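**Q** My questions will all concern the structure given below.
The values are calculated or read from the model by the stated rules, or taken from the named source; none is laboratory data. As the structure is a prediction and not an experimental result, all values here were calculated from the model. Note that each Cβ is placed from the backbone with ideal geometry, even for glycine, and that neighbours are counted across all protein chains shown. The accessibility values were calculated without ligands, DNA or RNA, using every heavy atom of the protein model including side chains. Shrake-Rupley method; radii C 1.70, N 1.55, O 1.52, S 1.80 Å.
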Amino acid sequence: MSSSSSGNNQVRASHILIKHQGSRRKASWKDPEGRVISNTTRDAAVSQLKSLRDDIVSGKAKFDAVASRYSDCSSAKRGGDLGPFGRGQMQKPFEEATYALKVGEISDIVDTDSGVHIIMRTA
């Protein structure tokens, strides 16, 4: 898959994922047995994520610090950084939300099969 144009429309993003009962895989690096995730409703995941987002937007907390502590994605080790990606590599709602952001902006809550996310576009 080598097309010279693919480099131009790549984006880079970091995210924070909170998994819940409806998530496709109910386990993560911080909850290997999935005990917490299996007992987390989507509403509870959303309200946790909203308060984390408020802390980041208000400047009380840094995105990467929050991601490394709370995100259920293994990208937490990198402060939530997913690296560069192009269209068709991420779940559709995630991709669309990322491409709609300006660099430095943070999305509202985004739902995917993985759980609920907030996304910060970094490039």
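**Q** So what are the ³J(HN,Hα) numbers for segment 12-23, from phi and the Karplus equation (6.51, -1.76, 1.60; θ = phi - 60°), rounded to whole Hz, Gly and Pro as x?
**A** Result, rounded to whole Hz: 9, 8, 10, 8, 10, 10, 10, 7, 8, 3, x, 5.
**Q** Would you please give the residues with an amide H less than 5 Å from that of CYS73, counting only those at least 5 places away or on a separate chain, with H modeled from the backbone geometry?
**A** LEU17
**Q** Where the only charges are on Cβ atoms (+1 Lys, Arg; -1 Asp, Glu), what is the dipole of the chain about its Cα centre, to the nearest 20 debye? Each step should come with its number before you reach the end.
**A** Details: 19 positive and 14 negative charges, 47 e Å.
Magnitude of the dipole: close to 220 debye.
**Q** Another question about this same structure. Using the heavy atoms of the protein chains alone and a 1.4 angstrom probe, what is the accessible area of the chain per residue in square angstrom?
**A** Working: 6940 Å² over 123 residues.
Counting only protein heavy atoms, the per-residue value for the chain is 56 Å².
**Q** Moving to a separate point now. Segment 36-84: percent of C-alpha pairs farther apart than 17 Å? Don't skip to the end; give the middle numbers.
**A** On the way: 471 of 1176 pairs.
Tail of the P(r) past 17 Å holds 40 percent of the pairs.
**Q** In square angstrom, rounded to the nearest 10, how much accessible surface does THR112 have for a 1.4 Å probe?
**A** So the heavy atoms of THR112 present about 20 Å² to solvent.
**Q** What percent do you get for the relative contact order of the chain when only Cα pairs under 8 Å and 6+ apart count? Each step should come with its number before you reach the end.
**A** Working: 221 pairs, mean separation 46.7, N = 123.
Relative contact order here is 38 percent.
**Q** Could you tell me the largest-minus-smallest coordinate of the C-alpha atoms of segment 7-66 on each of the three principal axes, in descending order and whole angstroms?
**A** The Cα atoms of segment 7-66 stretch 38, 33, 19 Å along the principal axes, largest first.
**Q** For a paramagnetic label modelled at 7 Å from the Cα of GLN89 toward its Cβ, which residues of segment 44-69 fall within the zone defined by backbone nitrogen distances under 19 Å?
**A** Answer for this model: none.
**Q** So what J values fall out for segment 98-113 if you push phi through Karplus, 6.51 cos²θ - 1.76 cosθ + 1.60 with θ = phi - 60°, rounded to Hz, Gly and Pro as x?
**A** My calculation for segment 98-113 gives 5, 5, 7, 7, 8, 4, x, 7, 10, 6, 6, 5, 10, 9, 9, 4 Hz in order.
**Q** Further question: Can you list the residues, at least 5 places off or on another chain, whose amide H is less than 5 Å from the amide H of THR122, using H built in the peptide plane?
**A** Close amide H contacts, sequence-distant or interchain: ARG12, ALA13, SER14, GLY104.
**Q** Please report how many Lys pairs in the chain have alpha carbons closer than 27 angstrom, counting only residues at least 8 apart along the chain or sitting on separate chains.
**A** Value for the chain: 29.
**Q** Where does segment 77-116 land on the Kirkwood hydrodynamic radius, alpha-carbon pairs, in angstrom?
**A** Details: mean 1/r = 0.0896 Å⁻¹.
One decimal place: 11.2 Å for the Kirkwood radius.
**Q** Put VAL103, VAL66 in order of accessible area, largest first, 1.4 Å probe: what do you get? The partial results should precede the final answer.
**A** Working: VAL103 95, VAL66 10 Å².
From most accessible down to least: VAL103, VAL66.
**Q** Hey, another quick one. Summing +1 for each Lys or Arg and -1 for each Asp or Glu, what net charge is found among the other residues whose Cβ lies under 10 Å from the Cβ of ALA76?
**A** On the way: positive: LYS30, ARG69, LYS77, ARG78; negative: ASP64, ASP72, ASP81.
My count for the surroundings of ALA76 gives +1.
**Q** About the Cα centre of segment 53-123, what is the dipole size in debye to 20, counting +1 per Lys and Arg Cβ and -1 per Asp and Glu Cβ, all else neutral? List each step's numbers first, then the result.
**A** Working: 10 positive and 11 negative charges, 58 e Å.
It works out to roughly 280 debye.
**Q** At ARG25 and LYS102, where each label point lies 7 Å from the Cα along Cα→Cβ, what is the point-to-point distance in nanometres?
**A** Label at ARG25, label at LYS102, 3.5 nm between them.
**Q** On to the next question. Per Stokes-Einstein, at 25 °C and 0.890 mPa s, what whole-number D in µm² s⁻¹ belongs to the chain, with the Kirkwood radius over Cα pairs as the hydrodynamic radius? If you can, show how the numbers build up before the last one.
**A** On the way: Rh = 14.6 Å.
Reported coefficient: 168 µm²/s.
**Q** Explain nothing, just compute: Karplus ³J(HN,Hα) = 6.51 cos²θ - 1.76 cosθ + 1.60, θ = phi - 60°, for every residue of segment 67-78 in order, whole Hz, x for Gly and Pro.
**A** The phi angles translate into 4, 5, 8, 10, 5, 7, 8, 5, 5, 3, 4, 10 Hz.
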